[in-house]
């Protein structure tokens, strides 16, 4: 890969143990973009509004999660990112907060666990970027973590929704990334196209380790 160094936030890295706050996901997203895509993502730094940005304002990227905001789902996602059981989930059913998932059809289950969180995220983040909430950047990206593995037609539907929501806006996202940990979808809402990048276990572990480091 083009960039195999640790994150550039500071010259000294101190692995004091991962802290699974929002910055953990932002650092993971930053590591994945640097390693998988190289320039211009090599110069990203972790800040706020948007979460990742270049000093010259050539690029800004907001990072978010399209998952049900319950503790189990977030922990299950982190286990997948780590490639090992960081959290013990054996006592908690994988039910996304629903009490009667056994009565749901597979189509209903996918709709409630995937479509609605993704739709709400897109509506919220596109509104914010169009309002100028993230400031002025030459290019803007949106990086979305998804716990569920989307099929390609579902990625295409997500992209179409983003294009509809951004239609006519003067400030909008140039690129939308959908991370499924083993796969990163790079979507172009301007052209209406997307491509997928496979991520093997070794590379995924590198992302996790870099995200787990606190720079001092």
Which order do the peptides 157-165, 28-36 take when ranked by the mean count of other beta-carbon atoms within 10 Å per residue, highest first?
28-36, 157-165
Two-site label geometry, residue 119 and residue 139: point separation in nm, points 7 Å out along Cα→Cβ:
3.1
Most exposed first, judged by fewest Cβ atoms within 10 angstrom, 154, 62 run 154, 62
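None of the figures in this text is laboratory data; all of them are computed from the coordinates on show. Small disclaimer: the values here were computed from a predicted structure and weren't measured. Because the Cβ atoms are built from the backbone with ideal geometry, glycine has one as well, and the counts that use them run over all protein chains shown.
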